[in-house]
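Below: one structure, written as C-alpha cells.
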Amino acid sequence: MSRTKRETKENEEIKNNKKNNKKNINKKNRKNKKMKTWKKVLLVIFLIIVAIVAYFIYNSIKIEGEISLSGMLATAAGHDENTRKNLGELQVLIMGVSTDQAGVDLTDTIMVASYNPNSQRAVLLSIPRDSYTGKNTKRATASEKINAIYNLTKDPQETLDAVNDLTGLDIKYYMIVRTEALIELVDAIGPIEYNVPIDMNYNDPTQDLHIQFKKGLQEIDGEEAEELLRFRKNDDGTSFPPEYGDNDIGRMRNQREFITAVIDQTVTAGNITKLGQILDIASRNLITNVDFNAIKDYLPYAVEFSTENLQTASLPGTTPDLTTTNNVSIFVVDKEETEELINSLFYPEKLESEENESSTSQSNTTSNKTNSTTQSNQTSSSSNIKIEVINGSGESSKLQEAVNLLKKAGYDVTKTGTTSTISTTIITNRKSLENSDLNKIKETLGVGSISTNKSSTSKVDVQIIIGKDFGN
C-alpha cells in the first residue's frame with residue numbers, strides 16, 4: 001500500500017474515532033441531563049411531601065398544642081384551632097330494640113349518651129325500662145311504661161319527649177339500634193374483653209335463649225354480647241348481688257359496663273381502618289335523626305377519649321307495691337334525686353360554681369374555728385367520708401369488728417349488710433375520693449383491694465366488702 005493511501009486511511013480512522021467519541025460524550029451528557037432532571041423531580045416530590053407533613057404537623061400543634069393523631073385527623077378534616085372550641089356537648093338517646101319477636105319492638109335498653117369534645121367527658125345514663133310516664137300510678141297500665149311507647153307509636157320522637165320530660169334534659173337526637181348492630185360491631189372489633197360480674201345460667205326454650213357464663217374476665221363475641229346484655233336472672237331465681245344491683249338495676253349496670261368496654265376497644269387508633277365497616281353496620285341497623293354532617297366534626301377528637309372519663313348512672317326512683325299500682329309493675333322516678341343527678345352529670349360546672357360559693361361563704365363564717373392539732377384535722381376529714389360495709393367474710397363477728405375499726409378512725413359508717421363469701425376485701429371508690437383517702441381506709445382495715453366504680457346516685461363515698469382475709 002502506498003504511503004498516500006495509508007495516510008488517508010489513518011485520517012479516516014481518526015475522524016471516525018472523533019465522531020464516536022463525540023457521540024459517546026453526547027449520550028453521556030444526555031444521560032447526565034436525564035439524571036439531573038429526575039433528581040430535580042424527586043427533590044420536588046420530596047419537598048412537596050415534607051411540605052404536606054409540615055403543614056399537618058403545624059396545624060396539629062396549632063389545634064392540639066402538640067403532635068397527635070387527633071390533630072392530624074382534625075387537620076385532614078379541615079379544622080382549625082377554633083373548631084373544637086365551638087363544638088357543644090353532643091347528647092343522643094339510644095334505644096336498643098330486640099327483633100327476636102315478630103311485630104314487637106320493646107325498647108328494653110334505653111340510655112342517654114353524651115360526649116363533650118372539649119372536656120373529653122362522657123355520660124351513659126340508663127333509663128329503667130319500667131319507668132312510669134303516666135299521671136296516676138293508681139291507674140297504671142303497661143302501655144304507660146317507657147319501654148312500650150315505641151312499640152305502640154313506632155315514633156322515636158315520642159320516647160325522646162318522654163325521656164326529656166323525666167330527666168329535664170333537652171335531647172335532640174335519637175338512635176334506635178337493632179340487636180344485629182351490636183352483634184356485628186362486636187364481631188368487627190372484637191372479641192371484647194369483659195369481666196363478667198357473676199355466674200349466669202338462664203334457659204328459655206320458647207325464645208331459644210340460652211345464657212351460660214362463668215364469672216370473671218372473658219372474651220365475648222357478638223352473639224354472646226347479646227346474651228350477656230339480656231341477662232336478668234338465673235334459672236334458680238338468683239340475680240345480681242345487692243352490692244352490684246338486683247334484677248333490672250344490675251342488668252342496667254351490666255349493660256353500661258359492657259358498653260364501656262366496647263367503647264374502650266372501639267375508640268382506638270387501630271380501628272380507624274375499620275371505620276368504613278363500622279359505618280356500614282350503622283347504616284344497616286340504625287334508625288336515627290342524627291345529622292352526620294353536623295356531628296362529623298366530633299370524630300377527630302373521639303380518638304382521644306378514655307373511658308376513665310366516662311360517668312355512668314341510672315335514674316333514681318322506687319318500685320311501688322303492686323297493690324298501689326293497679327297490679328302493674330312500674331318504676332317511679334324520684335324527681336328531686338333525678339334533678340340532683342342530672343346536674344352532677346351534665347352540668348358539673350354549675351355545681352362546682354355553687355359549691356365554691358358555698359365553700360367561700362362557709363370559710364368566711366368559720367375562719368376562727370380551726371382545729372388545734374393534726375390529729376383533729378384528720379378526724380374531721382375522715383368524718384366527712386360516708387362508708388357502707390358489707391360482710392362477705394362468712395363470719396358474722398367480722399362485720400362489727402370492721403365497723404368498730406372504721407368508727408374509731410373517725411369514719412362515718414352509714415350502712416351495713418351481708419353478701420356471699422369472698423376471699424379478698426374490696427374497697428370501692430363510689431364517688432370521687434383521692435387515692436390517699438382510700439389508702440388510709442386500707443391501712444385502717446389492714447387489708448383490701450382498691451377499685452373504682454363511681455355512681456352519681458350512690459349514698460356513700462366508699463363501699464367495703466369484707467373478705468375472708470380480714471382479721472387474719
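The values are calculated or read from the model by the stated rules, or taken from the named source; none is laboratory data. Everything numeric here is computed off the predicted structure, so don't read it as measured data. When we count neighbours, we look across all protein chains shown, and the Cβ atoms used for this are built from the backbone with ideal geometry, even at glycine. These accessible areas exclude ligands, DNA and RNA; they are computed on the full protein's heavy atoms, side chains included. Shrake-Rupley method; radii C 1.70, N 1.55, O 1.52, S 1.80 Å.
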Would you confirm whether any residue within the range 236-247 is over 23 Å from residue 318 (Cα atoms) and without any contact (Cβ under 8 Å) to a residue 40 or more places away in the chain? yes
Yes or no: the range 142-150 includes at least one residue that is among the β-branched types (Val, Ile, Thr), on the phi < 0 side of the Ramachandran plot and in contact with a helix residue (DSSP H, G or I) (Cβ under 8 Å, 6 or more places away or on another chain). yes
Hey, among 356, 368, which residue is at pLDDT below 85, over 37 Å from the mean Cα position of the chain (by Cα) and open to solvent by 60 Å² or more (accessible area, probe 1.4 Å)? 368
Can you spot a residue in the range 198-208 that is touching a Ser or Thr at 6+ places or on another chain (Cβ under 9 Å), in contact (Cβ under 8 Å) with a residue 60 or more places away in the chain, open to solvent by less than 60 Å² (accessible area, probe 1.4 Å) and under 20 Å from residue 247 (Cα atoms)? no
With respect to residue 465, determine if the residue is touching a Gly at 6+ places or on another chain (Cβ under 8 Å), at pLDDT 75 or above and in a strand (DSSP E or B). yes
How many of the residues making up the range 210-235 are surrounded by fewer than 16 Cβ atoms within 10 Å (Cβ to Cβ) and touching a residue at least 40 places away in the same chain (Cβ under 8 Å)? 1
Suppose we keep only residues that are modelled with pLDDT of 80 or more and surrounded by fewer than 21 Cβ atoms within 10 Å (Cβ to Cβ) within the range 240-255. Which one would you say is farthest from residue 114 (Cα to Cα)? 241
Does residue 171 qualify as being in a helix (DSSP H, G or I), β-branched (Val, Ile, Thr) and either surrounded by fewer than 20 Cβ atoms within 10 Å (Cβ to Cβ) or at pLDDT 85 or above (or both)? no
Candidate set: the range 447-462, residues that are assigned to a loop (DSSP other than H, G, I, E, B) and of a type in the set (S, T, N, Q); chosen: the one modelled with the lowest pLDDT: 456
Neighbours by Cβ (under 7 Å, 6+ apart or cross-chain): first from the range 161-190, closer than 15 Å to residue 147 by Cβ; second of a type in the set (Gly, Ala, Ser) and open to solvent by less than 60 Å² (accessible area, probe 1.4 Å): 166/131; 177/96; 179/98
In the range 152-168, which residues are open to solvent by 30 Å² or more (accessible area, probe 1.4 Å) and either in contact with a Phe, Trp or Tyr (Cβ under 8 Å, 6 or more places away or on another chain) or of a type in the set (S, T, N, Q) (or both)? 153, 157, 158
Residue under question is residue 144, and the condition is that it be modelled with pLDDT of 90 or more and buried (at least 19 other Cβ atoms within 10 Å of the Cβ); does it hold? yes
Only residues that are under 12 Å from residue 149 (Cα atoms), at pLDDT 85 or above and open to solvent by 20 Å² or more (accessible area, probe 1.4 Å): list them for the range 89-129, please. 129
Test residue 225 against the stated conditions and say whether it is touching a strand residue (DSSP E or B) at 6+ places or on another chain (Cβ under 6 Å) and among the small types (Gly, Ala, Ser). no
Residues satisfying the stated conditions in the range 405-446, i.e. open to solvent by 30 Å² or more (accessible area, probe 1.4 Å) and part of a loop (DSSP other than H, G, I, E, B): 409, 420, 421, 422, 423, 424, 430, 431, 432, 433, 434, 446
In the range 284-341, residues that are modelled with pLDDT of 75 or more, open to solvent by 30 Å² or more (accessible area, probe 1.4 Å) and assigned to a helix (DSSP H, G or I) total 9
Which numbered condition residue 135 misses (of (1) open to solvent by less than 20 Å² (accessible area, probe 1.4 Å); (2) under 21 Å from residue 339 (Cβ atoms)): (1)
When restricted to 183, 176, 149, the only residue β-branched (Val, Ile, Thr), within 28 Å of residue 342 (Cα to Cα), at pLDDT below 90 and surrounded by 12 or more Cβ atoms within 10 Å (Cβ to Cβ) is 176
